[in-house]
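See structure below.
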Amino acid sequence: MNGRARTSWGRFGVHAVLILTAAAFLLPLVWMALTSTKTGSQAASGALQILPSPLSDAPAQTVENYRAVWTDPSVSFPLYLRNTLIVALLSVAGMVLSSAVVAYGFARIRWRGRGVMFAIVLATMMIPFPVIMGPLYIIFSKLGWIGSLKPLWVPAWFGGAFNIFLLRQFYMGIPRELDEAARIDGCSHWGTFWRVIVPLSRPALAVVALFHFIYVWNDFLAPLIFLTHRDQFTLALGLQLYQSKAGNTPWNLLMAASTMVIAPVFLLFLLAQRTFIGGVASEGVKG
Amino acid sequence: MSEGSNPGLGRRAAIGAIAAAGAGFALFGPRGAKEASGGRIVLDYWEKWTGHEGRAMQRIVDEFNSSQSRIFVRYLVTSGLDQKTLIAVAGGDPPDIVGLWNYNIPLYAETEAIIPLDEFDSSYGVRIENYAPAVRQLLTHPDRTGKQRLWATVNTCGTIAMYYNRSVFRDAGLDPDRPPRTIEELDAYAKSIERVSADGGIERVGFLHAEPGWWSWIWGYHFGGTLYDPETDRARADSAENIAAFEWLQSYPRRLGADALKKFRSGFGTAYSSPQNALLTGQVAMVPQGPWLANVIQTFSPGLDYGVAPFPVAEAVYREDEPVGLIDSDILVIPRGVKHPEASMEFIAYTQRPEVVEYLSTAHFKNSPLASPSREFIERHPNRGVRVHNAIAASPRGFVCPRTRVWPQLKDEFDASMQRMWGLARPAREELAAIQQRAQQYLDEAAEQRRRRGYG
Amino acid sequence: MTDRRENISGWIWISPWLVGFLAFMLAPAALSLYYSFTEYPLLEAPVWVGMENYGRMLRDEVFLTALRKTFIYGAISIPLSTALALVIAALLSAKIRGGRFYQAAVFLPTLVPMAASAMVWLWLFNGEYGLINRGLELIGIDGPNWLTSTRWVMTAIVIVSLWGVGQAVVVYYAAMKEVPDHLYEAASMDGMGPARRFWNVTLPMLSPVVLFNVVTLIIGAMQVFVIPYIITKATPGGDPRAMYFYTMYMYDNAFVYGKMGYASAMAWVQLLVTLVLTAMTFAVSRKAVYYRGG
């Protein structure tokens, strides 16, 4: 294949460069985690200390840091976690279901206007969120949704252009004979969708669910605009509130809070690494 | 994506378990503190303060809640308070009380997005005469018909004075009991405090405009100028006084070197509330600051020998009995559209009782906004500069930020502009000419907006 | 199964998307177009002002600076991150042991929430205690105050953007695997070394994927917001305009300065600029991109 390194020197060089690269990419996260195990004065001390010292105190200090963040009276991380989970679950459920349905309409039903509508779906991917964020806020406020979590999850129930595109591509790869057989057996579109298409497209649905989950978990701008009550903040917003509240949050605690926000994503990645990387690869290459 | 069948069952089970745990937490996790109100009216009060300052305000809220059984106030800290308030008010879901900044009043008043407090019964006892003369201008603004109304109460008020490190004064052979009164004296003091090492590195300075750099725009006022004339609605950024003031500002980086200063300042923390505060470490001997600095000193360097004096003014402007200084304040307002305006007013009125005002001011180390602070307040105050701060609040030459709705945006421009002048990127005269043009353009746009809507 | 019934079914099946598109995309876009011709302080009803908002942009120095900064950011970060992603992907495709680990390490940062990423970089770039300046200190360099210095802020933001190349690496790596072996073999027979094979075989074969990715990056660069926004808010006393990008000014106009009309006009200009840049990218690359089998 491409440039299979022939000599052992070449191999060594490639390894060395890649190890350095991987280290550079992981360093910020490692440093974040390390900082969260130190005392405030160690984190901000004059000398560069890589590990907490004494090392034997680190476990207790770590627990203390995370406990301090979790129970901070002015910033309620447990509450923000719950809000984020509510938005994530409702939003992911809606996104997967609606995108799957709409993609079926584009992939398996022949109807007039299909080509044009699908082109519009693709075109909407070009519209940046900031372009519509202002009026969207006004629409939500007219609907009486400002002050609730609805602006963050209701729109997901109407599908997302990218996910519709992705699922349609996947459905196209499912042999038509399978659902035509089902149709001949008397299945309606609805029956075909549930009995044939959904079971066969589980990996693609998993990709949609995972990526949408990450999207919701990471989203900052929409919560920043649509959420007003502090009780409804999501974790991303809560993290900023935590950072800004006194102007000089101790770095060890801020890093503990950041670690908490990242940890679930990290865990999911460890468990579903292939789905993630496979998903990204297929999106990019087919797109 | 064909690996759907092969990730081990263990992994799938783990993901399922995580999802289940997440769903469980979403369903049964902690809820927002809808504290048991027992049929009471629950009011949401948005505020900016956390930490020490927040605890003091929380205490007032708690005392209010236990002082009666009809209303329950929730104290909620929010980041980006001005933006969140604008969105919530325009979105029709306003908080019942908001602790904004005084510069927010013009926009909210002109659009009548907050309720004028003089609309409420006078028995609440909230009257403009209660406040120190200079403070009054912070709370009033014309409504749509051009009539001056009272829009807010002061939550706390702080005037900006000069804090100086007396030990450094002594070390430099200066009399700590005779702080500089004029800009000329300030320069002379600063020069005798400055210490530069053999290799050109700055070790100590007397004064830097950029430290802490929170008020980029005030210098002209100390030269007898102003930025805005409300009578004619004209910006005055390029006035002779402002040009003199900002040329004076540029004389510091010219003398000490813009790069050397940058390097010097990167040596101390950007966080003012820390032991690295440059006044506390003695690296900068004189800083313009508000009374809250005394809290920082007490927390991080209780033994610091510091003095407080009015910030110096140009020689021609100096008058001993009428100090010049910025008056800044946090305010309380009631947005239009709240469900129980009189309940909000009842809480606000409670916070304006003299003993409550003085409790909060003392806890925040700030001066009193009231026209006649009590003797005990002055005597027991933890800030040794309280008299100086009060004198500025009472002075006819205490000044406030320009009372126009475009000020928040203009202030951002000024902050950026000050950075350019400080870095000697552009001569003060040119920079001010540019900002004058910009300021007048904003003002004209705002005037046009009022005219279009037929306001007085 | 008449055509007519299929026609109706089709519309029914896509109706969720259609409703969402009308309510949450087309309606706001249309409203935004309308607002762009009004003066709208949010707290009061909009008033029609014609082309005024668009005219004002040309005179608005803050607008022009923000636009220029955003272009500069894109012009630096897009080529750099594309080149970096290609190099890493090429190294990964050298078929060495541990490839999956390296790929995971590079990809992981793309999953980090922007808010958390901003916190981590705030800490790394901190002038006094930040790891970066301490590292520089070890090799005798006195690091700048990255986030408050007007001069270094852009470098810092570009570095942060490079941290997120993982997605592109994965895509390029996958695309490289699909390049048929016989092309490399032929190139080797022609006496090409690895570098020239990469240049003459890999890159042309990858060009459609790279093009798609660059377009995505352009759309993204025009929207850069979260990290500079959080960092600016977190460094009081710095220059609030040091990393003031297009979307930040738009956001401030809409939700802080009470100028929704102006913000809406900016939104439409943003959309047009994005479309023009995308079209230009396609036009320029028409010659350079190689589409296999049409």
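Overview of results
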| read-out | value |
| --- | --- |
| Residue check for A:ILE146: among the β-branched types (Val, Ile, Thr) and open to solvent by 30 Å² or more (accessible area, probe 1.4 Å) | no |
| Hits in segment B:193-219 (condition: in contact with a Ser or Thr (Cβ under 9 Å, 6 or more places away or on another chain) and open to solvent by 40 Å² or more (accessible area, probe 1.4 Å)) | B:GLU203 |
| Meets criteria (within 30 Å of B:GLN148 (Cβ to Cβ) and surrounded by fewer than 21 Cβ atoms within 10 Å (Cβ to Cβ)) for B:SER239 | yes |
| Filter pass, A:SER91 being more than 26 Å from A:ILE214 (Cβ to Cβ), of a type in the set (Gly, Ala, Ser) and touching a residue at least 60 places away in the same chain (Cβ under 8 Å) | no |
| Condition check for B:SER273: assigned by TED's automatic domain parsing to the domain that holds B:ALA244, crowded, with 16+ Cβ neighbours inside 10 Å and not in a strand (DSSP E or B) | yes |
| Count of segment C:11-39 residues which are open to solvent by less than 30 Å² (accessible area, probe 1.4 Å) and more than 19 Å from A:ASN163 (Cβ to Cβ) | 7 |
| A:PRO59 vs. criteria touching a Phe, Trp or Tyr at 6+ places or on another chain (Cβ under 9 Å) and part of a helix (DSSP H, G or I) | no |
| Residue in segment A:92-109 that is assigned by TED's automatic domain parsing to the domain that holds A:MET172 and not in a helix (DSSP H, G or I) present | yes |
| Total residues in segment A:177-216, condition outside any helix (DSSP H, G or I), in contact with a helix residue (DSSP H, G or I) (Cβ under 8 Å, 6 or more places away or on another chain) and either in contact (Cβ under 8 Å) with a residue 40 or more places away in the chain or open to solvent by 30 Å² or more (accessible area, probe 1.4 Å) (or both) | 1 |
| Residue match in segment A:168-175 (condition: surrounded by fewer than 17 Cβ atoms within 10 Å (Cβ to Cβ), among the β-branched types (Val, Ile, Thr) and either closer than 30 Å to C:PHE212 by Cβ or away from chain C (no Cβ under 12 Å) (or both)) | yes |
| Residue that is least open to solvent (accessible area, probe 1.4 Å), among those in segment C:246-257 that are among the hydrophobic types (A, V, I, L, M, F, W, C) and within 9 Å of chain B (Cβ to nearest Cβ) | C:PHE255 |
| Qualifying helices (runs of 4 or more DSSP H) (wholly inside segment C:148-252; at least 3 residues being touching a Lys or Arg at 6+ places or on another chain (Cβ under 8 Å)) | C:181-189 |
| Long-range neighbours under 7 Å by Cβ, at least six apart or interchain, first residue without any contact (Cβ under 8 Å) to a residue 40 or more places away in the chain within segment B:378-405, second charged (D, E, K, R) | B:ILE378/B:ARG387 |
| All positions within segment B:378-433 that are part of a loop (DSSP other than H, G, I, E, B), open to solvent by 40 Å² or more (accessible area, probe 1.4 Å) and among the hydrophobic types (A, V, I, L, M, F, W, C) | B:LEU424, B:ALA425 |
| Members of segment A:217-227 found to be away from chain B (no Cβ under 11 Å) and either of a type in the set (A, V, I, L, M) or without any contact (Cβ under 8 Å) to a residue 12 or more places away in the chain (or both), listed by number | A:LEU221, A:ALA222 |
| Residue within segment C:267-290 that is within 14 Å of chain B (Cβ to nearest Cβ), out of contact with any Leu (no Cβ under 7 Å at 6 or more places or on another chain), at pLDDT 90 or above and in a helix (DSSP H, G or I) present | no |
| Among the candidates C:MET260, C:MET243, residue that is under 28 Å from C:GLU52 (Cα atoms), open to solvent by less than 30 Å² (accessible area, probe 1.4 Å) and within 11 Å of another protein chain (Cβ to nearest Cβ) | C:MET260 |
| Wholly enclosed helices (runs of 4 or more DSSP H) of segment C:48-140 bearing at least 2 residues surrounded by fewer than 18 Cβ atoms within 10 Å (Cβ to Cβ) and at the interface with chain A (Cβ under 10 Å from one of its Cβ atoms) | C:61-92, C:99-107, C:131-138 |
| Looking only at segment A:110-119, and only at residues there that are assigned to a loop (DSSP other than H, G, I, E, B) and not charged (D, E, K, R), the one that is farthest from A:PHE162 (Cα to Cα) | A:TRP111 |
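Matching residues to (1) buried (at least 16 other Cβ atoms within 10 Å of the Cβ); (2) within 9 Å of chain C (Cβ to nearest Cβ); (3) over 25 Å from B:ALA19 (Cα atoms):
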| position | (1), (2), (3) |
| --- | --- |
| A:TYR80 | yes, no, no |
| A:LEU89 | yes, no, no |
| A:MET95 | yes, no, no |
| A:PHE106 | yes, yes, yes |
| A:TRP111 | yes, yes, yes |
| A:VAL116 | no, no, yes |
| A:ILE127 | yes, yes, yes |
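The values are calculated or read from the model by the stated rules, or taken from the named source; none is laboratory data. Not measured: the values here are computed from a predicted model. Here Cβ is always computed from backbone atoms with ideal geometry, including for glycine, and neighbour counts include all displayed protein chains. Surface accessibility is based on the protein's heavy atoms, side chains included, excluding ligands, DNA and RNA. Shrake-Rupley method; radii C 1.70, N 1.55, O 1.52, S 1.80 Å.
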